[in-house]
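The values are calculated or read from the model by the stated rules, or taken from the named source; none is laboratory data. Nothing here was measured: the structure is a model prediction, and the numbers come from that model. Cβ placement follows ideal geometry from the backbone for every residue including glycine, while neighbour counts extend to all protein chains displayed. Side chains included, ligands, DNA and RNA excluded: accessible areas come from the protein's heavy atoms. Shrake-Rupley method; radii C 1.70, N 1.55, O 1.52, S 1.80 Å.
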Amino acid sequence: MNRNILGMDFGTTNSKMAYMLLDEPEMILNSQGNKITPSIVYFKSEKEAIVGEIAKRNIILEPNKTVSSIKRKMGTDYKKKIGRYKFPPEYIAAEILKKLADDANKQLSKKFTNAVVSVPANYSDSQRQSIKDAAEIAGLTVLRMINEPTAAALAYGIKEDRDRRILVYDFGGGTFDVTILSVLSGFFDVDSTAGAHKLGGDDIDARIVKEVNNKLYEDFGIDMEKDLALRSTILEASEEAKIALSSVETTSINIPFIAADKPPFSMQLTRKMLNSMMSDLIECTKKPIERALDDASLEKNEIDDILLVGGTTLIPAVHEFVTQLFGKEPVKGPDPYEAVALGAAIASLEFGKEKSRMAKNIEISDVISSSLGVLTADGTVSRILERNTKIPIARTRNYTNSWDFVEEVTIPVFQGEGEYPEENEPLGEFWISIEPMLADENKIDVSFEVGKEFGILHVTAIDKISGNERTVKMEARSRLSKKDKNKWMKKLLGVESSKVNIINKSTRDVLNLYLNPFQTVCDLKNELIEKAVMDKNEMLFHNDIELEDAMNISNIDITNNSTIEIRQRNE
Ligand SMILES: Nc1ncnc2c1ncn2[C@@H]1O[C@H](COP(=O)(O)OP(=O)(O)OP(=O)(O)O)[C@@H](O)[C@H]1O
Ligand SMILES: [Mg+2]
């Protein structure tokens, strides 16, 4: 069962993609012939959206209809109103992912319906879920989400046959992540990860924009905040100037047209000026580095290789900062722009049919990036799994009843580093019946289990006295209901996913699944095998007809609530 899997790096400013060509990861060009696609969506109308370079050019003309840096809004209630629609971040991100997948299909004459998608290491579960939803709306099945720095380390470490300890310094457009990994003969073991929320090249651009704004006000008494188009022009010119200053010492920001009665505007910008404007932002990356080292119980000199990832690391001052901090030069790894996408493609090997030479010896062990715990009677969150705990992991803590003769207890689960629930993100709650006893006499065990992939938590509570037990699978709740997701999928792709009941005749397992209409039966089988609902030797039937691997889900006569049966081969 061979699968086409796309490695996707959905970035704040730019998105990139790669796939495995035999044993090597390869970047895929978009339909404009570029390796990077600006993560910008221009809504020409409520019916039509344009993504990438062309959308970027339109920011100045129609800033109201153009959305950038949507990655920063994932997992929030942000909505973009266009005509009659209020588009959630998932939909806008889906437009970008769809453009990538469409371009990849065209470039390689393939049909990609599966993806490994990278996410910032410091993304919360609900942000991860939000990306997953976006991919589904775009008609893609996410086989795995991989942390961006881990992916970058994979792209670098795979070429190194020595055992190393690597620190990945990932400074992109909108996020800063640092991750420390040990690489031991193909085993990628994450020691710790930390990050600064919402810190990236965007913030540097904003500093330059502010400077320009001040000068504009001084020279002409103009406040660009009142003029969206002018603001966008300045933003673009500022980013250009910043990038130019990575290779030259002096540049200028020129705005030919400001207002009808004003002369053109020009301002000199030197590397030195830029450095002083942004030095505190670079400084902000220090704390997470120290935290990551601390969490891994390591000293700076125990890091063998420092790997720079992300466009912002191309700034000489950033390079110098890292060099000074560690007392040595960062290594020359893959292109800082490409590393994450290449790594996502490498991670897809895990799902390929034939384990290639490379896949045979790759294994990734990641960590959870924020703590998980339960709310206890004293009003604080008691942590069961601390951040940077290696996964897979299962851990149990013992609790008791705080009051006399209660018949049930609720187990509210939270994620985050705060002591109090309001400082954390709620994941869900459930209750179990317990034997009514005097206070402090029940013995309630709560276990948290996180599998190979950060994002799904199984919580089990057992009342030792009555033997009552419940396990609940907690996933960060989708902000979108299945119905909404389907609505957006229909809007973007013109088709919906259909809800089916999958029944395994021999084990009697029943699963409700929304089928991606672009999947093939082969993809579905793989998914069911991975979910342990189906065995390799079983087959799928619908209305007593065996479904063949090459069939497309959308071509099978499935409606909502149809049933698909899993049967033994010889039945
Ligand atoms: N030569 C350069 N010098 C300075 N900055 C640069 C250079 N090239 C790109 N950048 C900046 O790097 C950022 C984009 O980097 P990258 O594509 O790695 O980020 P991203 O993947 O979109 O964001 P993130 O990973 O944070 O979500 C932008 O802010 C861009 O202005
Ligand atoms: Mg990135």
Can you tell me which of A229, A206 is modelled with pLDDT under 90, aliphatic (A, V, I, L, M) and not assigned by TED's automatic domain parsing to the domain that holds S69? A229
If you go through the range 189-201, how many residues are on the phi < 0 side of the Ramachandran plot, within 16 Å of ligand 1 (Cβ to nearest atom) and surrounded by fewer than 22 Cβ atoms within 10 Å (Cβ to Cβ)? 3
All conditions in (1) touching a strand residue (DSSP E or B) at 6+ places or on another chain (Cβ under 8 Å); (2) surrounded by fewer than 18 Cβ atoms within 10 Å (Cβ to Cβ) are true of S246 except (1)
Regarding the range 155-167, can at least one residue be identified that is farther than 30 Å from E320 by Cα and not small (G, A, S)? no
Would you be able to tell me the number of residues in the range 170-194 that are assigned to a loop (DSSP other than H, G, I, E, B) and more than 10 Å from ligand 2 (Cβ to nearest atom)? 2
Among the residues of the range 8-17, are any open to solvent by 50 Å² or more (accessible area, probe 1.4 Å), among the small types (G, A, S), under 22 Å from Q127 (Cα atoms) and outside any helix (DSSP H, G or I)? no
One residue from R271, R165 being within 15 Å of ligand 1 (Cβ to nearest atom), open to solvent by 10 Å² or more (accessible area, probe 1.4 Å) and either at pLDDT below 90 or among the charged types (D, E, K, R) (or both): R271
Out of all the residues in the range 299-316, which are farther than 22 Å from D9 by Cα and open to solvent by 20 Å² or more (accessible area, probe 1.4 Å)? E299, K300, N301, E302, D304, P316
Let me spell it out: the conditions are (1) surrounded by 18 or more Cβ atoms within 10 Å (Cβ to Cβ); (2) out of contact with any helix residue (DSSP H, G or I) (no Cβ under 9 Å at 6 or more places or on another chain); (3) assigned to a loop (DSSP other than H, G, I, E, B), and A292 meets all of them except one. Which number is the exception? (3)
Scanning the range 478-529 residue by residue, the ones that are free of Cβ contacts under 8 Å to residues at least 24 places away in the same chain and aliphatic (A, V, I, L, M) total 4
From the list T66, T37, which one is within 24 Å of the chain's Cα centre (by Cα), within 16 Å of ligand 2 (Cβ to nearest atom) and not charged (D, E, K, R)? T37
Is it fair to say K47 is part of a strand (DSSP E or B) and open to solvent by 60 Å² or more (accessible area, probe 1.4 Å)? no
Name the single residue, out of those in the range 171-188 being open to solvent by 10 Å² or more (accessible area, probe 1.4 Å) and within 16 Å of ligand 1 (Cβ to nearest atom), that is nearest to T389 (Cα to Cα). T175
Would you be able to tell me the number of residues in the range 120-156 that are β-branched (V, I, T) and open to solvent by 10 Å² or more (accessible area, probe 1.4 Å)? 2
Search the range 110-124 for residues being under 9 Å from the mean Cα position of the chain (by Cα) and at pLDDT 90 or above, and hand back the single one that is farthest from ligand 1 (Cβ to nearest atom). V117
Go through (1) within 16 Å of ligand 1 (Cβ to nearest atom); (2) in contact with a Phe, Trp or Tyr (Cβ under 9 Å, 6 or more places away or on another chain) for M224 and report which single condition fails. (1)
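Every residue, every condition in (1) free of Cβ contacts under 8 Å to residues at least 60 places away in the same chain; (2) over 21 Å from the mean Cα position of the chain (by Cα); (3) farther than 22 Å from E148 by Cβ; (4) within 13 Å of ligand 1 (Cβ to nearest atom), yes or no:
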| position | (1), (2), (3), (4) |
| --- | --- |
| L6 | no, no, no, no |
| F10 | no, no, no, yes |
| L22 | no, yes, yes, no |
| E26 | no, no, no, no |
| R57 | yes, yes, yes, no |
| I60 | no, yes, yes, no |
| R72 | no, no, no, yes |
| D77 | no, no, yes, no |
